[in-house]
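Taking it in order: structure first as structure tokens, then the write-up.
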Amino acid sequence: MLQFENLFPDYYVEHITNFECNDVLYEILCSLRKSHSNNNLETCTVGGFQTHLDKALTEQKSDDKGMNESYVKVLDKFKNELLKPAWNLYLNKLNFKLEKDDELLYKNWFVFYNKNSYQQVHTHGNNLFTMIYFCKVPKTLNENEGQLVITDVKNKSNGIESKYVTPVETKLVIFPAYYPHYTLPIFSDAERVVIVNDIYLGAKR
């Protein structure tokens, strides 16, 4: 069950999922990274690797580059048994109701952070909320190393507040997409790998 906290003062989730296929999920991301090595997306990621896929990560098919049938099954499991239940619980907590002409949509991708790489401050625009899943984390981290930092959008008399999130494998974090956030560098030779998911509204087709 997801445990909700208040964040500036919106709802925030930080939950260790213990996703049973996490090792295979990491294998899939490595395969996709290798097969899309020439498609590193230019973003606010400094160093590291963020590929540009032709469709959402969890919509990859067995005949796509770097994929096979067993990989598709794991991605389906990740989407249907972890992501969807989590975003539905989050929406229920918000008492969110779809308008008749709207439908709930999502997009997801992955990012590899290697030594000294980090994410610059950014938001996820007009999306409803963002979900970040930590797939791979260095076994040893120094204090604050590789942390996700979510900052308040409102100035306070005592300055801007920040939430520091320690990366842990299989942890899922959910927060409103309009909050500025960034990641602190890692200094380990090991990788920090995340799957990023945005939930947003679209018009029914």
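Scanning region 2-48 for residues that are modelled with pLDDT under 95, of a type in the set (Phe, Trp, Tyr) and closer than 18 Å to Val196 by Cβ yields a single hit, Tyr12.
Annotation note: Cβ proximity below 9 Å between a residue of region 101-120 that is at positive phi and a residue that is not hydrophobic (A, V, I, L, M, F, W, C) (sequence gap 6+ or interchain) occurs for Asn116/Gly47; Asn116/Pro185.
Okay, residues lined up against (1) over 24 Å from Asn80 (Cβ atoms); (2) in contact (Cβ under 8 Å) with a residue 40 or more places away in the chain:
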{"residue": "Phe4", "(1), (2)": "no, yes"}
{"residue": "Tyr11", "(1), (2)": "no, yes"}
{"residue": "Ile16", "(1), (2)": "no, yes"}
{"residue": "Asn22", "(1), (2)": "no, yes"}
{"residue": "Tyr26", "(1), (2)": "no, yes"}
{"residue": "Ser31", "(1), (2)": "no, yes"}
{"residue": "Lys34", "(1), (2)": "yes, no"}
{"residue": "Asn40", "(1), (2)": "yes, no"}
{"residue": "Gly48", "(1), (2)": "yes, yes"}
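Could you grab me the full set of residues in region 148-158 that are surrounded by 11 or more Cβ atoms within 10 Å (Cβ to Cβ) and without any contact (Cβ under 8 Å) to a residue 24 or more places away in the chain? Talk me through it step by step, then tell me what you get.
Restricting attention to region 148-158, the residues satisfying the condition of being surrounded by 11 or more Cβ atoms within 10 Å (Cβ to Cβ) are 148-153.
Of everything in region 148-158, nothing turns out to be surrounded by 11 or more Cβ atoms within 10 Å (Cβ to Cβ) and without any contact (Cβ under 8 Å) to a residue 24 or more places away in the chain.
The rows are residues; the columns are (1) β-branched (Val, Ile, Thr); (2) open to solvent by 20 Å² or more (accessible area, probe 1.4 Å); (3) on the phi > 0 side of the Ramachandran plot.
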site	(1), (2), (3)
Asn6	no, yes, no
Cys30	no, yes, no
His36	no, no, no
Asn40	no, yes, no
Phe49	no, no, no
Asp63	no, yes, no
Gly66	no, yes, yes
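Restricted to helices (runs of 4 or more DSSP H) entirely inside region 1-115, those with at least 1 residues that are closer than 29 Å to Ser162 by Cβ and among the hydroxyl-bearing types (Ser, Thr, Tyr) are 22-35, 84-93.
Annotation: of all residues in region 120-142 being surrounded by 15 or more Cβ atoms within 10 Å (Cβ to Cβ) and among the polar types (S, T, N, Q), the one that is modelled with the highest pLDDT is Thr130.
Per the listing Glu161, Glu169, Glu145, the residue uniquely surrounded by 12 or more Cβ atoms within 10 Å (Cβ to Cβ), in contact (Cβ under 8 Å) with a residue 60 or more places away in the chain and farther than 28 Å from Glu59 by Cα is Glu161. Do we have Ile174 as open to solvent by less than 10 Å² (accessible area, probe 1.4 Å) and either on the phi > 0 side of the Ramachandran plot or assigned to a strand (DSSP E or B) (or both) here? Judged against the criteria, Ile174 is a match.
How many residues does region 184-203 hold that are β-branched (Val, Ile, Thr), at pLDDT below 95 and in a strand (DSSP E or B)? Step through it out loud before you land on a result.
Quick first cut of region 184-203, residues β-branched (Val, Ile, Thr) only: 186, 193-196, 199.
Next cut, at pLDDT below 95 only: 186.
Of the ones still in play, those that are also in a strand (DSSP E or B) are none.
Looking only at that region, the number is 0.
The values are calculated or read from the model by the stated rules, or taken from the named source; none is laboratory data. Everything numeric here is computed off the predicted structure, so don't read it as measured data. Cβ coordinates were reconstructed from backbone atoms using ideal geometry, including for glycine residues, and neighbour counts include every protein chain displayed. When the accessible area is computed, the model is the full protein with side chains, heavy atoms only, and any ligands, DNA or RNA have been set aside. Shrake-Rupley method; radii C 1.70, N 1.55, O 1.52, S 1.80 Å.
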